[in-house]
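Written below as structure tokens is the structure these notes are about.
Bear in mind that the values in this text are calculations on the coordinates, not laboratory data. Small disclaimer: the values here were computed from a predicted structure and weren't measured. All Cβ positions, glycine included, derive from the backbone under ideal geometry; neighbour counts span all protein chains shown.
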Amino acid sequence: MRGKVHFSPVILDPNTAPTSLYLSDDLTSVRRGNTNRQLPDNPERYTNFSNVLGSEGFSSGKHSWEVEVGDHPDWNVGLAKESFNRKGEREASPQNGIWCLLYGNGKYTNCLGKTVPMKKSLQRIRVQLDYDRGEVSFYNAEDMTHIYTHRDTFTEKLFPYFGIGKWKHIKKLRL
């Protein structure tokens, strides 16, 4: 059906996780460890940032998933284009192929660096992609309050994108 949103249970791609991130056995949650693992330096793997991608990308249609961030003090969630440079020093921005919502230093920002005002602390976030309209939207999953929408022209496959700071878990939820 045209216009239907597909809720996507995101399975994390272990080939994209850097040596500092540990994925759960079922590939639905990730934590940052205090030691680095020995992993092959394959082309898909992030090397300079603590990011991991979902295993399934999207090049059309509407898709949605939820992320439980809980009380994690430092995270970003959103989408990354397939060709994003995973080996270099690139910031998370639409110009570099990342569309995301970030939390750090006690404030929420969009990937353009602008503060996103929030009335209460987020525990779960819904990310909603409308590829054909060029929109990625973020919602408070608890009450579906709209947080932020970024509009762009997408020209390649996009993957769910997750980044975390130190010592806590960020867990993917299935709908």
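Mind putting a number on the dipole of the chain about its Cα centre? Charges go on the C-beta only, +1 for Lys and Arg and -1 for Asp and Glu, and I need it in Debye to the nearest 20.
On the way: 25 positive and 20 negative charges, 61 e Å.
Around 300 debye, computed over the chain.
How far apart, in nm, are two points set 7 Å out from the Cα along the Cα-to-Cβ line at residue 91 and at residue 19?
It is 2.8 nm.
What does the extension gain come out to for residue 68 and residue 132, with contour length at 0.36 nm per residue minus their alpha carbon separation? Mind dumping the intermediate values first?
Values: separation 64, 0.36 × 64 = 23.04 nm, distance 2.64 nm.
That pair, residue 68 and residue 132, stretches by 20.4 nm at full extension.
Toward the positive end of the charge dipole of the chain, about the Cα centre and with charges on Cβ (Lys, Arg +1; Asp, Glu -1), which of 158, 138, 58 goes farthest?
138
Which entry is the computed Cα Rg over 2.2 N^0.38 Å for this structure: [x] 0.96; [y] 2.84; [z] 1.07?
Evaluating Cα Rg over 2.2 N^0.38 Å on these atoms matches [x].
What FRET efficiency comes out for the pair residue 105/residue 60, r = Cβ-Cβ distance, R0 = 30 Å, nearest 0.05? Before the final figure, lay out the partial values.
Values: r = 36 Å, r/R0 = 1.22.
Approximately 0.25, to the nearest 0.05.
If the chain between residue 28 and residue 41 were fully stretched, how many nm would it gain, using 0.36 nm times the residue separation less the Cα-Cα distance? Spell out each step's value before the answer.
Working: separation 13, 0.36 × 13 = 4.68 nm, distance 2.23 nm.
The residue 28-residue 41 span can extend by a further 2.5 nm.
Can you tell me the order of 157-164, 143-150 when each peptide is scored by its average per-residue count of other Cβ atoms within 10 angstrom, highest first? Intermediate results must be reported in sequence, preceding the final value.
Values: 157-164: 23.1, 143-150: 13.5.
Those peptides, ordered most packed to least, come out 157-164, 143-150.
Using label points projected 7 Å from each Cα along Cα→Cβ, tell me how many nm separate residue 142 and residue 121, to one decimal.
Here the answer is 1.0 nm between the modelled labels.
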